[in-house]
1. Residue pairs, Cβ under 9 Å, 6 or more apart or interchain, first in region 116-128 and β-branched (Val, Ile, Thr), second open to solvent by 100 Å² or more (accessible area, probe 1.4 Å). List them.
2. Take Thr244 and decide whether it is surrounded by fewer than 18 Cβ atoms within 10 Å (Cβ to Cβ), modelled with pLDDT of 95 or more and at negative phi.
3. Would you point out the residue of region 59-86, among those that are assigned to a loop (DSSP other than H, G, I, E, B) and out of contact with any Phe, Trp or Tyr (no Cβ under 8 Å at 6 or more places or on another chain), that is least open to solvent (accessible area, probe 1.4 Å)?
4. Taking the residues in region 201-229 that are aliphatic (A, V, I, L, M) and free of Cβ contacts under 8 Å to residues at least 60 places away in the same chain as candidates, determine which candidate is surrounded by the most Cβ atoms within 10 Å (Cβ to Cβ).
5. Count, please, the residues in region 3-24 that happen to be over 20 Å from Thr72 (Cβ atoms), part of a loop (DSSP other than H, G, I, E, B) and not hydrophobic (A, V, I, L, M, F, W, C).
6. For region 166-181, give me each residue that is among the hydrophobic types (A, V, I, L, M, F, W, C) and at pLDDT 95 or above.
7. Output the residues belonging to region 184-200 that are open to solvent by 70 Å² or more (accessible area, probe 1.4 Å) and farther than 30 Å from Ser128 by Cβ.
8. Which numbered condition trips up Gly25, out of (1) modelled with pLDDT of 90 or more; (2) more than 41 Å from the chain's Cα centre (by Cα)?
Amino acid sequence: MAGGLIVSKRGVHQKVIVFLTDGQGDGTESAIVAEANSQNCIVYCVTLGMPAPDILKNIASRTGGQTYENVTTVEGAEDVYNKILQVAQGSSPCDIAWISEAPCSSVNTAVELTWQGQKSQTGYAPPSNAIASLKVAPTNVAFGKRLPATQNDTTLTLTAQNADFTVTGITRTFGSADFTVVNTTFPLTIPQNTSRTITLRYVPSDSSFKYASFEIATDICPIYFSANGGFPGKRGPAPTLRLTKPNGGETFVVGSDTVISLGRHGAKRYGST
């Protein structure tokens, strides 16, 4: 006598039934769906504290509605009813799309949305196919044993992945000035999924083993590579600093102080970090 579909027959506008239930009971699915569809009535099913049985899911889906299950709190129920209200009134959620700069890593990106004075925060990690990178090959150039004053050139390949790159310059950040990048004009544009080459030159001023690191500056993110060459164990002409104290084997108590002393020492290479 008081069934929802009996009441909805008298509806003038769009007919909507929200069926809030504990999920227990039964019914004739085909008859319920047939009557609802004859009235053009949409049925939404909400179950409290338990999964929705198949009959409720089928009634909702076959009448154009949705099922919400396992609702256990007042806040959860309010959220479900607000969603149903939006959908029933034709104000379903919209899709927001935007174009952002290509990230250099997969770190989480924060997003804040504002609408009618309301704010919502969320975040996402960009997929791997959206991360921009400039690959340099090889990343470590080993020239090997080279005689002083000889010119030694090698080619490095720069490949732009998932974005267009503009190389604005290449700087030696550490090491010997015997290594230089030559025959390259900046800015150097590298379109996405294409490659360009640069030339690295090594003209050793002496026979000692040398090292250098370089930074490739771009409009998106920096890239690094290194180079070495010379005769291992050979002394260079320039004096270097030697750590004389502590120089290994000492034991220190936590919180104590000690004196660090340095001294000049020929040009022997004791190590690097």
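The values are calculated or read from the model by the stated rules, or taken from the named source; none is laboratory data. These numbers come from a predicted model, not from an experiment. Neighbour counts are summed over all protein chains in view; Cβ atoms, including those assigned to glycine, are modelled from backbone coordinates with ideal geometry. For the accessible areas, the whole protein counts, side chains as well, though only heavy atoms, and no ligand, DNA or RNA atoms are used. Shrake-Rupley method; radii C 1.70, N 1.55, O 1.52, S 1.80 Å.
1. The qualifying pairs are Thr122/Glu112.
2. no
3. Thr63
4. This residue is Ala212.
5. Quick first cut of region 3-24, residues over 20 Å from Thr72 (Cβ atoms) only: 3-17.
Next, from what is left, pick out any that are part of a loop (DSSP other than H, G, I, E, B): 3, 9-14.
Subsequent filtering for residues that are not hydrophobic (A, V, I, L, M, F, W, C) retains 3, 9-11, 13-14.
So the answer is 6.
6. As a first pass, look at region 166-181 and keep what is among the hydrophobic types (A, V, I, L, M, F, W, C): 167, 170, 174, 177, 179, 181.
Val167, Ile170, Ala177, Phe179, Val181, listed by residue number.
7. Thr185
8. Checking Gly25 against (1) modelled with pLDDT of 90 or more; (2) more than 41 Å from the chain's Cα centre (by Cα), the one that fails is (1).
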